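Below is one structure, written out as structure tokens; the observations come after it.
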Amino acid sequence: MIDKPLLAGVMALLTLSLVMSYSLSTYTVLHFDYADFHFFIRQSMAVFIGFVTMVLLSKMDPDKWFSRIGLSLFILFFILMIAMQFLPSSLVTAVGGAKRWIRVGPMSLAPVEFFKVGFVFFLAWSFSRKLLNKTKMQFWEEVRTFTPYLFVFMVAVVIIAVFQKDLGQVVVLGATLMVLFLFIGSSWKFFLTLLSGGLLAFVALIFLAPHRMARIKSWWGTVQDSILSIFPFESVQNLRIEAGKEPYQISNSLNAIHNGGFWGKGLGNGQFKLGYLSEVHTDFILAGITEELGFLGLALVTLTILFIVFRIFKIASKVKKPMYYLFSIGVGLLISLAFILNSYGISGITPIKGIAVPFLSYGGSHIWASCIAIGMVLMVSKKVPRDAKGRMR
């Protein structure tokens, strides 16, 4: 028996994504002279394909199909991410010089979204085969043991952060990798060493990219007063920079959130989607939801995300096979980290990362990939022991 509460939570968010893709795309539809239901129809197709895929995966036997599907995702989309850098512009959509999407007929496919699921499977599959039964390792033995995984991750970093200019996805993958290291028994010394190295690499990737530096300076100019006021030391005040104009998107995102109040302006009555907050149905969908459905609507979305992550972690805690356990934890981390990064970005707590909200943001690739991940978790959930009433034991 699959985990029906998890399926219900995902379907609730997918349904809301359909409603909001129609409501929040008003300005874009008018500006580009699209048909009224342009985004709704395309999102409906993505949700339908995702739902069918999720249901089909949930009905499969995990002992037979889980490894085949997971390994195929990892290998196929790893190769595609490398190959797309050499494909002609007629096959690849480039934005700002970054090739992120492959054209497949009338649709565009973002390989990185599927690679994230494949990467989590690869870690779960390999860790369960080679590392879970190891005795406690010394620090340098840990370094030698984990180096192959770090090499694979570094190749992914070069492709995603350098060629695709998508640092947000690297943050999600890196954080997931480090947490999984802890779950398989790595020492805190190794974890903290890895965390330090990751932060240094993160800073280096920012300094080496002018557009990232500009984004950081713009963000710092908006938060420096509240942060520096905590420290009385004169030397700390040297970190202050000349505050420029508040970033256009962040300013309007915060105004949209404030404008919604507790109850919201009502579905379809948002003002900031009318050209003030561009592409609000994608990365800024939480701001659009808050303006129209209020803080109450945002709270319900957040609780639904938490419920989905809770059910995934509960499945992980009950399932017997280590590979299923680690994969479920990894999927839960992907969903929670993406939601945190997006919500922090639109509220100005951190710089904007361009991360989609799981199951909500407009976009076929992330919807389909997220549904594949949930489908595989539902497949695994059939292996959880249950009582006579179907409840997890």
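The values are calculated or read from the model by the stated rules, or taken from the named source; none is laboratory data. Being a predicted model, the structure only gives us computed values, none of them experimental. Here the Cβ positions follow ideal geometry from the backbone for every residue, glycine too, while neighbour counts run over all protein chains shown. Heads up: the accessible areas ignore ligands, DNA and RNA and are worked out on the full protein's heavy atoms, side chains in. Shrake-Rupley method; radii C 1.70, N 1.55, O 1.52, S 1.80 Å.
Values computed for the structure shown
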{"item": "Answer residue from the range 154-168, given it is open to solvent by 30 Å² or more (accessible area, probe 1.4 Å) and not in a loop (DSSP other than H, G, I, E, B) and is farthest from T93 (Cα to Cα) among those", "result": "M154"}
{"item": "Qualifying residue in the range 138-153 (condition: assigned to a helix (DSSP H, G or I), in contact (Cβ under 8 Å) with a residue 24 or more places away in the chain and among the charged types (D, E, K, R))", "result": "yes"}
{"item": "Of the criteria (1) touching a helix residue (DSSP H, G or I) at 6+ places or on another chain (Cβ under 9 Å); (2) at pLDDT 85 or above, which one I349 fails", "result": "(2)"}
{"item": "Failed item, numbered, when E291 is tested on (1) without any contact (Cβ under 8 Å) to a residue 60 or more places away in the chain; (2) open to solvent by less than 20 Å² (accessible area, probe 1.4 Å); (3) more than 30 Å from L254 (Cβ to Cβ)", "result": "(3)"}
{"item": "L194 being under 25 Å from L76 (Cα atoms), open to solvent by less than 40 Å² (accessible area, probe 1.4 Å) and out of contact with any His (no Cβ under 9 Å at 6 or more places or on another chain)", "result": "no"}
{"item": "Unmet requirement for E279, which otherwise passes all of (1) buried (at least 18 other Cβ atoms within 10 Å of the Cβ); (2) in contact (Cβ under 8 Å) with a residue 24 or more places away in the chain; (3) of a type outside the set (F, W, Y)", "result": "(1)"}
{"item": "Selection within the range 169-212 - in a loop (DSSP other than H, G, I, E, B) and either among the hydroxyl-bearing types (S, T, Y) or on the phi > 0 side of the Ramachandran plot (or both)", "result": "G185, S186, S187"}
{"item": "Complete set of residues in the range 2-36 that are part of a helix (DSSP H, G or I), among the β-branched types (V, I, T) and in contact with a Ser or Thr (Cβ under 9 Å, 6 or more places away or on another chain)", "result": "V10, T28"}
{"item": "Test set (1) open to solvent by 40 Å² or more (accessible area, probe 1.4 Å); (2) farther than 17 Å from P5 by Cβ - R386 fails condition number", "result": "(2)"}
{"item": "Close pairs from the range 176-190: first buried (at least 21 other Cβ atoms within 10 Å of the Cβ), partner part of a helix (DSSP H, G or I) and small (G, A, S), Cβ under 6 Å, at least 6 apart", "result": "T176/G330"}
{"item": "Residue within the range 182-200 that is modelled with pLDDT of 90 or more and of a type outside the set (D, E, K, R) present", "result": "no"}
{"item": "Candidates I335, I349, I329 - the one that is in contact with a Phe, Trp or Tyr (Cβ under 7 Å, 6 or more places away or on another chain) and either farther than 19 Å from S128 by Cα or among the aliphatic types (A, V, I, L, M) (or both)", "result": "I329"}
{"item": "Residue list for the range 302-315, restricted to those being surrounded by 24 or more Cβ atoms within 10 Å (Cβ to Cβ), over 20 Å from F114 (Cβ atoms) and among the aliphatic types (A, V, I, L, M)", "result": "I315"}
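Rundown of residues vs (1) surrounded by 23 or more Cβ atoms within 10 Å (Cβ to Cβ); (2) closer than 28 Å to K116 by Cα; (3) among the aromatic types (F, W, Y), yes/no style:
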position: H258; (1), (2), (3): no, no, no
position: F272; (1), (2), (3): yes, no, yes
position: F284; (1), (2), (3): yes, yes, yes
position: S317; (1), (2), (3): no, yes, no
position: S328; (1), (2), (3): yes, yes, no
position: A338; (1), (2), (3): yes, yes, no
position: Y344; (1), (2), (3): no, yes, yes
position: I352; (1), (2), (3): no, yes, no
